[in-house]
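Taking it in order: structure first as C-alpha cells, then the write-up.
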Amino acid sequence: MCSRYGIWTSFTEAHSPWQNRAEPAIGEVKGYARRLMMHTQCPLKLWCFADEYAADLLSLCATGRYDLRGRTSYEHIVGYTRI
C-alpha cells in the first residue's frame, strides 16, 4: 500500500526516540495533559480526555518551528485559520 501511494517508509532503532521527529510533540502533549490533570485534580481514569484536549489545544497554538513560518499546525495542513 505504501508503494502504491509513494509513501517512503523507514525503521528506527530500539530505544532511539531522537530518530522519530514526532516524539518531542508527543512528549509535549503528555506533559501538558499531566499538568492539566494535576492542576484540576482530575481523576486518573479520565486521562484519555485530558490527552485529547491537550492535543487539540496545542494544535491551535503557534510554535517557533521555522517550517511553519509562525502559523499553527492546523493552518499549515488545511490552509486557513479555524474560527
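Which residues, taken from the stretch 46-64, are surrounded by 12 or more Cβ atoms within 10 Å (Cβ to Cβ) and either touching a Pro at 6+ places or on another chain (Cβ under 7 Å) or within 15 Å of A25 (Cβ to Cβ) (or both)?
The answer is D51, E52, A54, A55, L57, L58, S59, L60, A62, T63.
Select from the stretch 29-45 the residues that are hydrophobic (A, V, I, L, M, F, W, C) and surrounded by 12 or more Cβ atoms within 10 Å (Cβ to Cβ) and list them in ascending order.
Matches in the stretch 29-45: V29, A33, L36, M37, C42.
If I filter the stretch 59-70 for residues that are hydrophobic (A, V, I, L, M, F, W, C), modelled with pLDDT of 85 or more and either in a loop (DSSP other than H, G, I, E, B) or under 17 Å from the mean Cα position of the chain (by Cα) (or both), do I get at least one hit?
Within the stretch 59-70, none of the residues are hydrophobic (A, V, I, L, M, F, W, C), modelled with pLDDT of 85 or more and either in a loop (DSSP other than H, G, I, E, B) or under 17 Å from the mean Cα position of the chain (by Cα) (or both).
Can you find even one residue in the stretch 32-53 that is under 11 Å from the mean Cα position of the chain (by Cα) and of a type in the set (V, I, T)?
Within the stretch 32-53 (the criterion being under 11 Å from the mean Cα position of the chain (by Cα) and of a type in the set (V, I, T)), the answer is no, since none of the residues qualifies.
Give the number of residues within the stretch 26-54 that are among the β-branched types (V, I, T) and either in contact with a Leu (Cβ under 8 Å, 6 or more places away or on another chain) or farther than 17 Å from S73 by Cβ (or both).
Number satisfying all stated conditions: 2.
Checking the conditions here, which among R34, R82 is among the charged types (D, E, K, R) and at pLDDT below 80?
R82
Across the stretch 36-45, which residue is nearest to P24 (Cα to Cα) among those that are touching a helix residue (DSSP H, G or I) at 6+ places or on another chain (Cβ under 9 Å) and not hydroxyl-bearing (S, T, Y)?
Out of the qualifying residues, it is L36.
Please determine whether any residue of the stretch 40-57 is among the hydroxyl-bearing types (S, T, Y) and at pLDDT 90 or above.
Yes.
The values are calculated or read from the model by the stated rules, or taken from the named source; none is laboratory data. These figures come from a predicted structure and were not determined experimentally. Cβ coordinates were reconstructed from backbone atoms using ideal geometry, including for glycine residues, and neighbour counts include every protein chain displayed.
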